Amino acid sequence: MILKRAKMAFLPLLAILLAGCSSPPQTVRTPPETVYHLDAGDEINITVSGEQDISMRFKLDSSGSINYPYIGKVTLKGKTADEVGNDIADRLRGDYLQAPMVTVSVSEFRKIYLLGEVQKPDGYAWEPGLTAEKAIALAGGFTDRADHHDISIRQAVSGKLLNNVALDSAVEAGDTVIIGMSFF
């Protein structure tokens, strides 16, 4: 009888100990996007060599287009900086300039957002090479209640929610990183 009670008391303790030994959920790794495409929220510099009057800075709005001097509407959304530069140079060539040299650069990338169990949830400027771990560091790190294995990324481009991503997973401009709460 005493032995039976000892076994009954031991089983819940064994279950608790084994639960603590379980492995974290399978993680997903997202590869980085190799080419950056402009979108709403990006701030760009357009420089035309020798032409200060038409060298400008723009912040893309939701339309993804700008009204550029002499040539009118230019669509930037979904294009690379090089593609935009070539488009503007082609449209300026001939009527306005002989051989325009146009450089387009991103002066400020659109934001990424961190939610959940980070010290400072907020929007932060995206940087090339940004990973989930670096994004969490931008937000001051994990809170004491954070589950270090419950990291999700809502991709801005596709709208897909990727659960249980690895810390070295790529975070792209516009993405939202969500840190879950631990129960212990």
Starting from residues that are hydroxyl-bearing (S, T, Y) and within 16 Å of E43 (Cβ to Cβ), keep the ones in the stretch 57-80 and report whichever is surrounded by the most Cβ atoms within 10 Å (Cβ to Cβ). Y68
Check on I178, touching a residue at least 12 places away in the same chain (Cβ under 8 Å), more than 30 Å from Q52 (Cα to Cα), within 13 Å of the chain's Cα centre (by Cα) and in a helix (DSSP H, G or I): no
Yes/no for K79 being under 30 Å from G141 (Cβ atoms) and either of a type in the set (K, R) or not assigned by TED's automatic domain parsing to the domain that holds D147 (or both): no
Given (1) closer than 22 Å to L38 by Cβ; (2) at pLDDT below 95; (3) not assigned by TED's automatic domain parsing to the domain that holds I71, G123 misses just (2)
For V84, which of the numbered conditions (1) aliphatic (A, V, I, L, M); (2) under 19 Å from I44 (Cβ atoms); (3) at pLDDT 95 or above; (4) within 16 Å of the chain's Cα centre (by Cα) fails to hold? (4)
So which residues in the stretch 60-82 are under 13 Å from V104 (Cα atoms) and in contact with a His (Cβ under 9 Å, 6 or more places away or on another chain), if there are any at all? K79, T80
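The values are calculated or read from the model by the stated rules, or taken from the named source; none is laboratory data. Because the structure is a prediction, the values reported are computed rather than measured. Neighbour counts run over all protein chains shown; Cβ positions are idealised from the backbone, glycine included.
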